[in-house]
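The structure appears right after this line, and notes come after that.
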Amino acid sequence: MANESRASPLHSMWSANFGYRGTVLHSTRKPLRLWFRAMWHITDQKYGANALGLQRALNLGSYHTAWQWLQKLRRAMVRPGRDKLSGLVEVDETYVGGKKPGKRGRGAEGKALVGIAVEDKGEDGIGRIRLRHLEDASSASLTPFDKGVVRQGSTIRTDDWLGYNGLTENDFRHVVIQSKDLKLAHLIAALMKRWLLGTYQGA
């Protein structure tokens, strides 16, 4: 592994002239094998990867380099123009960050509101998931979120929060249940918070 920090002349020629253009590997001076190790490390972490852990795993000399790699690879994991969710979709919101619990419909100091949309596949379990930062829990924020991540004509399942009242007017079928029964969205919220804790702990 000692030679992995330096790129070979063949690697440099290939990087400059062939397959790396337009990718996260463009202009890299690190060997491809090291990038693959980084990808493996990030996807193999149960509670999320952080830059400090990546630096240690790859024996990188710079925390900043590890942080840049992590950001590049995270961006590459999101497919542009990806399809919207469809079928039965459960939607909810949750606050993340801060020390005090937030109040729904209002801001909370040091907290961010995140919209959660998750496909309910019945016996097949959870389908695709979408998360997005929201300004607040009003219909002015929730309706664009729903329209942006869920295909119109789908069924959206929420609790009775007033911010979801405009769904039927936007060509969605709207099913209202008690908040405690939004089990898929609550599971995703819990996993997201655990992932965030693992991502930033010690970083």
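The values are calculated or read from the model by the stated rules, or taken from the named source; none is laboratory data. On a predicted model such as this, the values are computed, not experimentally measured, just so you know. Cβ placement follows ideal geometry from the backbone for every residue including glycine, while neighbour counts extend to all protein chains displayed.
In a loop (DSSP other than H, G, I, E, B), at pLDDT 75 or above and surrounded by fewer than 16 Cβ atoms within 10 Å (Cβ to Cβ) - does that describe any residue in segment 1-21? No, that holds for no residue. Each residue in segment 79-119 was checked for being modelled with pLDDT of 95 or more and either surrounded by fewer than 17 Cβ atoms within 10 Å (Cβ to Cβ) or part of a loop (DSSP other than H, G, I, E, B) (or both), and 2 of them qualify. Gly97: closer than 27 Å to Arg128 by Cα and either among the hydroxyl-bearing types (Ser, Thr, Tyr) or assigned by TED's automatic domain parsing to the domain that holds Lys180 (or both), yes or no? When the stated conditions are applied, Gly97 passes them.
Looking across segment 155-181, the residues that are touching a residue at least 60 places away in the same chain (Cβ under 8 Å), buried (at least 20 other Cβ atoms within 10 Å of the Cβ) and not in a helix (DSSP H, G or I) come down to Ile156, Arg157, Thr158.
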